[in-house]
Amino acid sequence: MALNTLLEALTQTLGPGAVLTGSEVRSRSAGWISREPIEAAAILRPRDTAEVSRILQFCHAAGQPVVAHGGLTGLVDGSHAHANEIALSLELMNRIEDLDESGLTMTVQAGAVLQAIQQKAESAGLLFPLDLGARGSAMIGGLISTNAGGNRVIRYGMTRNLVLGLEAVLADGTVVSSLYPVIKNNSGYDLKQLFIGSEGTLGIVTRAILRLVPQPRSQNTAFLAVNEFAHLPLLLRELSAGLGGTLSAFEVMWNEFYRLVTTPPARQSPVLPQTFPYYVIADALGSDQKPEQERFEAVLMAAVDKGLAADCVVALSASERAAIWAMRDDVDQFHQFRPWFGFDVSMPIRHMETYVTEVRAQLNAEFPGNVCFVFGHMGDGNLHLNVHVGGGDPEARHAVEEILYSRLQSRQGAVSAEHGIGLEKRAYLPLCRTPEEMNLMRTLKRAMDPKGILNPGKVLA
Ligand SMILES: Cc1cc2nc3c(=O)[nH]c(=O)nc-3n(C[C@H](O)[C@H](O)[C@H](O)COP(=O)(O)OP(=O)(O)OC[C@H]3O[C@@H](n4cnc5c(N)ncnc54)[C@H](O)[C@@H]3O)c2cc1C
């Protein structure tokens, strides 16, 4: 069926407002990084699972490629839709359907925005622990499809750990409902895991049952300066052990990143002098503010006494806490260095120092005057490196990718810690997956999407 005929049939089926074409598509930006107009032939906006199923039945019959769109905050070119592809946006499926306060679950449609989910949980004295800088735009379907990590993984795990049940629509329109609201369900294969982290290549996520926890009654946040890399893992251990399981974030910034986010035009002022090589945000969530604050301060004091931290500031109010986190969240400052290449690698902490040193040395040799910002969720073994080498041509990107990725295999590292593979990292996936794993991934893709219509070319060629 020709694309135009298919779009006419879909317009008739879905009704007005559900099928956007022409300037209604082009006037939308393709994402946080590219900011180019969306290229897709059309954007379809279903209102419920039945409509998603209907769309996929049509597209499957026509062999029409479909690319799922959530909040378009993904960072690996995972939602790029070519001019001959249809984008399926979950934006109208944004309902929070149920909040079970005794079972500690929330049932949501895939287009619900993370911040709305967090606020709904909070209104009931509960917490949905997933949190990241794109919280105001990222949708739960996108977060699930990328198995997003974020700021609290050391305490609560990645998105995978926070999804109890899932509903997804397969390439041929079949609705697979695994909407189970309990932690324990070992009845056969855990099918929801197929859709978590598979970036819209195996099915379209339409609804989810999320796991909540009671809202913490205390929060303590500190900003620390550290003089030596070797002190960072020791400091992490000291805080983990001393805070009795309440440590929920351990974010590290290398000096260049800290200076970037505390120097105008960035809005935040330096919390500590800009002269230290490393900075850490430590955050603890607990149940009783006064004794926990005392313990928090005592543990920090001990870390300073042991020389693990050179300086330390504790947030004494919500606004001081917000100011500390605002530095970490101000990744918009990278746009001062357009074009930049973003990396999201993981490796055991013990390899990080030599990794960063070697990467910087080779960048300096090949691209004098480059800028390399390093920061990340170090407690999760996750480093982000954002590199600016002047030009943004494919050759420069490839050379920088080689510098960063060629050093991972020997360190048991991965090319993606949390952002996923998309188009951007596809060529490098075999660096961190065995041939047998790659074959099994291809077998799954063929079995679940034999015509290859779901997000073609992403993750696997
Ligand atoms: C400022 C900023 C900070 C960020 N911080 C973090 C961080 O700390 N940790 C982290 O992990 N990520 C982070 N990200 C990346 C991004 O927020 C996540 O990847 C997020 O999960 C994407 O959600 P989205 O709704 O925007 O998805 P999109 O970008 O729209 O899509 C992402 C992928 O999921 C697919 N997809 C979307 N919806 C569905 C669906 N319903 N069914 C099937 N497939 C679907 C798309 O096709 C695409 O492949 C950050 C991004 C920004 C801009």
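Couple of notes before you dig in:
- Selection within segment 360-389 - small (Gly, Ala, Ser) and open to solvent by 40 Å² or more (accessible area, probe 1.4 Å): ALA361, ALA365, GLY369
- A single member of LEU444, LEU408 is more than 14 Å from the ligand (Cβ to nearest atom), at pLDDT 95 or above, open to solvent by 30 Å² or more (accessible area, probe 1.4 Å) and of a type in the set (A, V, I, L, M, F, W, C), and it is LEU444.
- Scanning segment 102-136 for residues that are within 6 Å of the ligand (Cβ to nearest atom) and either closer than 21 Å to SER416 by Cα or within 15 Å of the chain's Cα centre (by Cα) (or both) turns up LEU132, GLY133, ALA134.
Here is a yes/no grid of residues against (1) of a type in the set (Val, Ile, Thr); (2) modelled with pLDDT under 95; (3) farther than 25 Å from VAL359 by Cβ:
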| site | (1), (2), (3) |
| --- | --- |
| GLY150 | no, yes, no |
| THR174 | yes, no, yes |
| SER177 | no, no, yes |
| GLY188 | no, no, yes |
| ARG207 | no, no, yes |
| VAL213 | yes, no, yes |
| GLY245 | no, yes, yes |
| SER248 | no, no, yes |
| THR262 | yes, no, no |
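- Pairs, first under 12 Å from ALA40 (Cα atoms) in segment 3-27, second of a type in the set (Val, Ile, Thr) and open to solvent by 90 Å² or more (accessible area, probe 1.4 Å), C-beta under 7 Å, six or more apart: none
- Screening segment 302-341 for residues that are within 16 Å of the ligand (Cβ to nearest atom) and of a type in the set (Asp, Glu) and picking the one that is surrounded by the fewest Cβ atoms within 10 Å (Cβ to Cβ) gives ASP332.
- Qualifying residue in segment 4-26 (condition: among the charged types (D, E, K, R), within 16 Å of the ligand (Cβ to nearest atom), within 15 Å of HIS69 (Cα to Cα) and surrounded by fewer than 16 Cβ atoms within 10 Å (Cβ to Cβ)): no
- Scope segment 296-314; condition outside any strand (DSSP E or B) and within 15 Å of ALA284 (Cα to Cα); matching residues: PHE296, GLU297, ALA298, VAL299, LEU300
- Among the candidates ASP380, ASP449, ASP393, residue that is more than 22 Å from the chain's Cα centre (by Cα) and modelled with pLDDT under 95: ASP393
The values are calculated or read from the model by the stated rules, or taken from the named source; none is laboratory data. Worth saying up front: this structure is predicted, and the values here are computed from it rather than measured. Methodologically, a virtual Cβ is constructed for each residue, glycine included, from the backbone with ideal geometry; neighbour enumeration extends over all protein chains shown. Just the protein is used for accessible areas: all its heavy atoms, side chains included, with ligands, DNA and RNA removed. Shrake-Rupley method; radii C 1.70, N 1.55, O 1.52, S 1.80 Å.
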